[in-house]
Every structure is written in structure tokens, then in C-alpha cells.
Amino acid sequence: MPQKIVAGNWKMNLCLDEGVDLIRSIEASSLPSDVKVMVFPPALFVDAAKKTSSSKCLVGVQNFNAAEKGAFTGEVSIKQVKSAGASIGLIGHSERRELFNETNAILKDKVDAAIENNFQFIFCCGEPLEVREAGTEIEFVRNQLEESLFHLASDQMRDGIIAYEPIWAIGTGRTASSEQAEDMHREIRAMLSEKYTNDIAESISILYGGSCKSANAKELFACPNVNGGLIGGAALDATSFCAIIDSF
Ligand code: 13P
């Protein structure tokens, strides 16, 4: 069975004291013990986030550079974020793809860098509205996975996590229906099974992201192939984030 995961992507929100308070509140809540909770603060706050959290709450980064080190002003490497306490990173969030021109080739390098550095990742995929309206979302997502992720060998893929985040649902209040989410997640699992083995496909967590909140999390998480959520706006408040975690 895939691990159940609820992850909060803070994006460029919250200041240091607010982030620390949020983690303290999450830590103080009684949450289901079979759900892995993760927070993705701005990289600047990883050290403080790690010092505030126990093993109950894993700390990750929203982005990193694939290069080991060097003259990359403003960037952070995996070694750096690991040294500050991050143990996992997002790769290929649609905002990185769209606003910072991260191509499938760039994301492939990040996947390779994560593997080389023994750094767990959540690989994000998902289609824009026009692709959904054209009915070609499965091919679109397949292409994202094939060009950036599916070159990995089976043993490298085993610890990977995938997040399906349809772009039209991110920050829009327009959540994918549980049928739409389940359909895509089932397809992604079938792709994993086709590319790797049934065993691997059955063990990889596939998270849903896009306007997921406490009001719809229960229905989404009840889908057999939805193993949790990657939460944006609703992860910025401890009450709503914990209510989502409790939805399992
Ligand atoms: P929202 O939950 O705000 O729609 O954001 C989803 C997301 O992008 C998480 O990575």
C-alpha cells in the first residue's frame, strides 16, 4: 500500500514567525498516525522549520538547483538544503514550469540530482485548461513523466512520489472532481506499472493538488488511487491543514 501523505506547499507565503507558529500548531495537534505530514516552507526557513518540527512533520523545499555548487546567484543546491534540514524537495511544480521556464529537460536534471544526492522528491505533473478542454490530458501528463522521470531505473523510482496537480485547479477554487482525480491517478499508476512493475506502481504515493481543502479532501482521499494531497492555500492555516490531514 502506498504511504498516505498530506503535504503543505507554502509557496511564497508566511514570514518566519508565522511559519514557526504554524508548525508548532501542527505538532500540537493529534493527527492520524498513518498519515505522513510534510511542510514545504521557503528554503530560507528550512533550518527553523526543522528545529521546530519533530519526526511527525517532515520538512522539504519547494525548489532546488540541479547543479552541485557554483556561480548560480540566488539558487540553492541539494547539499545546501539538506545541510539545513530538508529531506525532500518538490520537482516540477507548475508555477516553476510556467513562471520560471522550467522545461522537462531541466526537471530531468533535477530528478537525477535528487537521486545522486539521495534526496527524496515529489514530482509534480498536470495539464493546463486548454489541454483538459481538448481531452488530451492523459497524453500530456504521460509526456511530462516520460521526459523527466521515467528514465529512472526501478530501484531509483521506488522512493519517488508523484503529485497530480491540474493547473486549472490550482488556486482557482475549482477542484477536480473526485472522478477526474481518480481517472488521472489510475492512469498514472497504469503508466508506472507499464514502465516498471506492478509492485512499484502499487507502492508509489500519488497525491492530488489543486484547491484541495477540508470540505473536499474526504471525498478526494476516498478514491482508491489518491494517496493524499499537496495543499497550497489551505495549508497556510493550522486548523484547515489539520482538518485535511484528519480527512483520511
Ligand atoms: P492550492 O491548494 O492553493 O490550489 O495550490 C495547490 C498547489 O499548487 C500545491 O502545490
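The values are calculated or read from the model by the stated rules, or taken from the named source; none is laboratory data. All figures in this text were calculated on a predicted structure; none of them were measured in a lab. Cβ placement follows ideal geometry from the backbone for every residue including glycine, while neighbour counts extend to all protein chains displayed. Surface accessibility is based on the protein's heavy atoms, side chains included, excluding ligands, DNA and RNA. Shrake-Rupley method; radii C 1.70, N 1.55, O 1.52, S 1.80 Å.
In the set (1) open to solvent by 30 Å² or more (accessible area, probe 1.4 Å); (2) among the hydroxyl-bearing types (Ser, Thr, Tyr); (3) closer than 21 Å to Ser148 by Cα, the condition left unmet by Ser94 is number (1). Here Ala190 meets the list (1) under 20 Å from Ala105 (Cα atoms); (2) open to solvent by 10 Å² or more (accessible area, probe 1.4 Å); (3) small (Gly, Ala, Ser) almost entirely, failing just condition (1). Restricting the range 1-44 to residues that are within 13 Å of the ligand (Cβ to nearest atom) and of a type in the set (S, T, N, Q) leaves a set whose member that is least open to solvent (accessible area, probe 1.4 Å) is Asn9.
Before we move on, is Met1 touching a residue at least 60 places away in the same chain (Cβ under 8 Å) and in a loop (DSSP other than H, G, I, E, B)? The answer is yes for Met1. Given the structure, is Ala163 closer than 23 Å to Ser77 by Cα, in contact (Cβ under 8 Å) with a residue 24 or more places away in the chain, out of contact with any helix residue (DSSP H, G or I) (no Cβ under 8 Å at 6 or more places or on another chain) and crowded, with 16+ Cβ neighbours inside 10 Å? Against the criterion (closer than 23 Å to Ser77 by Cα, in contact (Cβ under 8 Å) with a residue 24 or more places away in the chain, out of contact with any helix residue (DSSP H, G or I) (no Cβ under 8 Å at 6 or more places or on another chain) and crowded, with 16+ Cβ neighbours inside 10 Å), Ala163 qualifies. Scanning the range 134-162 for residues that are touching a strand residue (DSSP E or B) at 6+ places or on another chain (Cβ under 7 Å) and more than 20 Å from Ala105 (Cβ to Cβ) yields Asp159, Ile161. When the test is whether a residue is buried (at least 19 other Cβ atoms within 10 Å of the Cβ), in contact (Cβ under 8 Å) with a residue 40 or more places away in the chain and on the phi < 0 side of the Ramachandran plot, Phe64 passes it.
Please verify whether Leu44 is more than 12 Å from the chain's Cα centre (by Cα) and on the phi > 0 side of the Ramachandran plot, treating the condition exactly as stated. Can you show your working first?
Working: more than 12 Å from the chain's Cα centre (by Cα): yes; on the phi > 0 side of the Ramachandran plot: no.
Answer is no for this residue.
Being charged (D, E, K, R) and touching a Lys or Arg at 6+ places or on another chain (Cβ under 7 Å) is a condition met by no residue of the range 44-52. Go through (1) within 16 Å of the ligand (Cβ to nearest atom); (2) surrounded by fewer than 19 Cβ atoms within 10 Å (Cβ to Cβ) one by one and return the number of the condition Ser87 breaks. All conditions are met except number (1). Selection of the range 175-214 for residues being within 9 Å of the ligand (Cβ to nearest atom) and either in contact with an Asp or Glu (Cβ under 6 Å, 6 or more places away or on another chain) or not hydrophobic (A, V, I, L, M, F, W, C) (or both) yields Thr175, Gly209, Gly210, Ser211, Lys213. Residues that are among the hydrophobic types (A, V, I, L, M, F, W, C), surrounded by fewer than 18 Cβ atoms within 10 Å (Cβ to Cβ) and within 15 Å of the ligand (Cβ to nearest atom) within the range 215-248 comprise Ala215, Ala243, listed in sequence order.
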